[in-house]
Amino acid sequence: MSTVSPSPAGRLRREPRQARSRARLAQILAAADAILATEGVEALTIRRIAERAGVSVGTLYQFFPDKGSVVDAVARAYIDEFDALADALVNSAASGDWSDPVGRIVDSFVALYRSHPGYVALWSGRHLSPELARADEANNQVIAAGVQQVLAAYAGVTDGPRLELAVRVAVRTADALLQYAFSLSPDGDDAVLAELKNLLRIYLASLR
């Protein structure tokens, strides 16, 4: 399982400047990520995070004012990784096989879900603050813009308002069904993932 890295946009009490402080912050976030992945959102308490990270509760409070701020920092790190994947897909679009763009894009995001089970636990638990919900919506917009760019350049789809709307709808649909698939199985239910691809392929065909 991969671990999350500190996100500067989180509600930190103080920004670590020394290497030792940054390492402790990384320990705390990695511990929170591990608890989410193995025990779920309800197990995520300040004391449990501190125990898992091997730090005192007082040390944890030096960085975070409450549990919600820890959740925000972990979630923002997940969001950053999804943004990075969208950028990577765009940057690598000129290479590789795009004969099945739906399969390639969905498989890329499925791999990210599989490497971050804590993400699934957090989002399915609906523990998002209003601020974080807005950040998640902005993340979906970034992903949609990247997918639109790829489809217009390499999938034979005419760019424009119709494609922009279609991609936004497709991203929301995929987000919901990915979460459903991973609520059924830690690796994502294969039947649901197959149906997601079928649905998106039919939708893409209607745009060509």
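Using C-alpha pairs below 8 Å separated by at least 6 residues, the relative contact order for the range 74-207 is 31 percent.
Checking (i) 1.20; (ii) 1.04; (iii) 1.11 against the coordinates, the calculated Cα Rg over 2.2 N^0.38 Å falls under label (iii). Each Lys or Arg adds one and each Asp or Glu subtracts one; over the other residues with Cβ under 14 Å from the Cβ of Y154, this totals -1.
Charged neighbours of D87, selected by a Cβ distance under 13 Å, balance to -3 (K, R count +1; D, E count -1). Summing charges over all other residues whose Cβ lies under 14 Å from the Cβ of A144, with Lys and Arg as +1 and Asp and Glu as -1, gives -4.
Bear in mind that the values in this text are calculations on the coordinates, not laboratory data. Being a predicted model, the structure only gives us computed values, none of them experimental. In this analysis, Cβ positions are derived from the backbone assuming ideal geometry, glycine residues included, and neighbour counts consider all displayed protein chains.
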